[in-house]
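Remarks on the structure that follows.
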Amino acid sequence: MLENRENPVLSVSNLSIAIGKNQITHNVYLNLYAGKISALVGESGSGKSLTSLALMGLLPGDFSVSGKAVINTSANDSLDLLSNNAPYSYIRSGLISMVFQEPSTAFNPVMRIGKQIEESLKYHPEKFGKTSARAKKSRVLDSLSEVGLKDVNRVYRSYPHELSGGQLQRAMIAMAIINQPSLLIADEPTTALDVTTQRKILQLLRDLAKKHNIAVLIITHNMSVVKAVANTVYVMNSGSIVESGLVKDVFSNPKNSYTRSLLDSIVDFDISNLASESTSSEAGDFCVNIQNVSAKYDKYSKIFNPSKYAISDLNLNILRGKTHALVGESGAGKTTIAKLISGQLKPESGSISIEGLNLYSDCKKRANRKILSNIGFIFQDSGSALNPLKTVGWSIAEPLIVNKSLSEEERKKRVELVLNQVHLPLSLINRFPHELSGGQKQRVGIARALINRPSLIIADEPTSALDANHCLKILNLLSSLQKQYNFSCLFITHDLALVSRIASQVSVIKGGRIVEQGSVKDVLRLPKNPYTRSLIDAVLQ
């Protein structure tokens, strides 16, 4: 257990959470100090988020909580967050604030950002006394400015859907700090962000901890995030803290086997060890050939609000049987390219060919169906990609609708085959998505992508929501299946460490234009474009 001569802002001991007779966490302990960042790290389902919800008093009523969580409210006073009479209306955002994993769902979609942040002020008049509407707005603008947002008046007036993911995360942090809390809990604050924005958000949390002398608890499954930003770390497995200590000590000399497994699962970004790519594909042996393609956001835009180009003059080739990575920040145009290849968005100009067939000029319905049935998809959020009302077997078999030649028995055998290939038991066929773990859902997504034996698989951020162990397993599974079936893969990501591990070719996109492309070795070791260099420099090591 960590020792410190200073009094902690929050001291948690013997925190146990249960639902009925099912014990979820066991005697969890934490000591969080002013001006310091602590990390609570572990795989999905280990109990990290439940622990934070218990501290905030946000667990549903059927959960039982025991233990102590003492927070210092002043130099000579404290209170137990877990006591039955804990004043949570005062505690939330007054003493403890929370930054949630997905700000787009945490904000009210029909309320302007500024007004939502102002709401936090009205619940804590003891902090600043009664203030005028103008003074409240001024405090909100100051808070938005402090977290690094530009044009704060526009952000104040904006609705959540009008801001990028990084802007929303900063706005969420602005709301969390506006009442000057003693403790800030950030639950997976960078999971959905690109590598550049991720580094900026982590630096912001570090700066805020020092400037306001607040304790920060980051909940994450990413050991690279822990190494980059935290002072101390608590490793959680199956509801228990199995190791804790200073980050430098735990990383250099882990005592617990589970901690070692987490560290071993980090996908290293080691440019020096990139091997030369030897490919059996002949020059011009392309599965996908994109030439001079441009596409707009909304071709039905009004005269006084002209549509903008999402993709401009795109040229991209994907070699048969190889993985081609598409890298860029959020909003760069990566997903738009996936929509173009999959027939969901028609280009304004240029041509797209898949296995020698032009997707948009061979426009007969039957020809298009043949082309598109040759493409499999693996989505970022496997949970929302699966129909919650249908079984796993039904979801995997759904793409076979286009294959009229298969009998019902042949379809069943095909489903069983792909389940075996992604290392899932056949017993899952009759289960529903909510009964699966995150890693199992992603494997179901891969099975569905393989069911039609496609020549191309589009994988859109397939590992960004997974912890390190599951991420590594999914990458290894994709590589193994590619060797077996020789499919091409467009791997869309913002994580260059993944690119260095799985891809042979890479294209870097910025503002709808490819700024650099080539072999992974050449692009990552000797980048020619400054934007590529900035992405490489932003990788957490």
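The values are calculated or read from the model by the stated rules, or taken from the named source; none is laboratory data. Just so it is clear, the structure is predicted and the values come from calculations on it, not from any experiment. Cβ placement follows ideal geometry from the backbone for every residue including glycine, while neighbour counts extend to all protein chains displayed.
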Restricting to the range 177-201, give me the number of residues that are of a type in the set (Gly, Ala, Ser) and surrounded by fewer than 24 Cβ atoms within 10 Å (Cβ to Cβ). 2
Can you list residue pairs whose Cβ atoms sit under 6 Å apart, with the first residue in the range 373-387 being under 13 Å from Ser342 (Cα atoms) and the second being in a loop (DSSP other than H, G, I, E, B) and among the polar types (S, T, N, Q)? Count only pairs 6 or more apart in sequence or on different chains. Ser373/Asn452; Asn374/Ser455; Ile375/Ser342
For the range 1-53, which residues satisfy the criterion of being among the aromatic types (Phe, Trp, Tyr) and either without any contact (Cβ under 8 Å) to a residue 24 or more places away in the chain or within 18 Å of Leu95 (Cβ to Cβ) (or both)? Tyr33
Search result, residues across the range 19-42 that are under 19 Å from Ser437 (Cα atoms) and either surrounded by fewer than 23 Cβ atoms within 10 Å (Cβ to Cβ) or polar (S, T, N, Q) (or both): Ile19, Asn22, Gln23, Ile24, Thr25
How about the range 36-99: which strands (runs of 3 or more DSSP E) wholly inside it have at least 3 residues that are under 15 Å from Pro8 (Cβ atoms)? 37-41, 63-74, 77-80
Take the residues in the range 387-407 that are outside any loop (DSSP other than H, G, I, E, B) and among the small types (Gly, Ala, Ser); name whichever of them is surrounded by the fewest Cβ atoms within 10 Å (Cβ to Cβ). Gly393
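With a cut-off of at least 1 residues that are free of Cβ contacts under 8 Å to residues at least 60 places away in the same chain, name the helices (runs of 4 or more DSSP H) lying wholly within the range 121-240.
It comes to 125-128, 133-146, 152-157, 165-177, 195-212.
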Would you confirm, using the coordinates I've provided, whether Arg513 is touching a strand residue (DSSP E or B) at 6+ places or on another chain (Cβ under 7 Å) and surrounded by fewer than 22 Cβ atoms within 10 Å (Cβ to Cβ)? yes
Where Ser384 falls short, out of the listed (1) of a type in the set (Ser, Thr, Tyr); (2) more than 29 Å from Asn317 (Cβ to Cβ); (3) not in a helix (DSSP H, G or I): (3)
Is at least one residue of the range 466-475 outside any loop (DSSP other than H, G, I, E, B), farther than 28 Å from Ser407 by Cα and without any contact (Cβ under 8 Å) to a residue 40 or more places away in the chain? yes
Which of the residues spanning the range 89-102 are of a type outside the set (Val, Ile, Thr) and either modelled with pLDDT of 80 or more or closer than 17 Å to Ala215 by Cα (or both)? Arg92, Ser93, Gly94, Leu95, Ser97, Met98, Phe100
Among the residues in the range 135-146, are any modelled with pLDDT under 90 and among the hydroxyl-bearing types (Ser, Thr, Tyr)? no
Among the residues of the range 48-76, write down those that are surrounded by fewer than 12 Cβ atoms within 10 Å (Cβ to Cβ) and modelled with pLDDT under 80. Ser74, Ala75, Asn76
Run Leu202 past the list (1) assigned by TED's automatic domain parsing to the domain that holds Val226; (2) within 14 Å of the chain's Cα centre (by Cα) and report the number of the one that doesn't hold. (2)
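Considering only the range 413-465, how many residues are in contact (Cβ under 8 Å) with a residue 40 or more places away in the chain, basic (Lys, Arg) and touching a Leu at 6+ places or on another chain (Cβ under 9 Å)?
So the count comes out to 2.
Tell me whether the range 265-288 contains one or more residues that are among the polar types (S, T, N, Q), closer than 29 Å to Ser455 by Cβ and at pLDDT 90 or above.
Here is the first cut: in the range 265-288, the ones among the polar types (S, T, N, Q) are 265, 272-273, 276, 278-281.
Cutting the leftovers down to closer than 29 Å to Ser455 by Cβ gives us 276, 278-281.
Next, from what is left, pick out any that are at pLDDT 90 or above: none.
No, there is no match, as no residue in the range 265-288 is among the polar types (S, T, N, Q), closer than 29 Å to Ser455 by Cβ and at pLDDT 90 or above.
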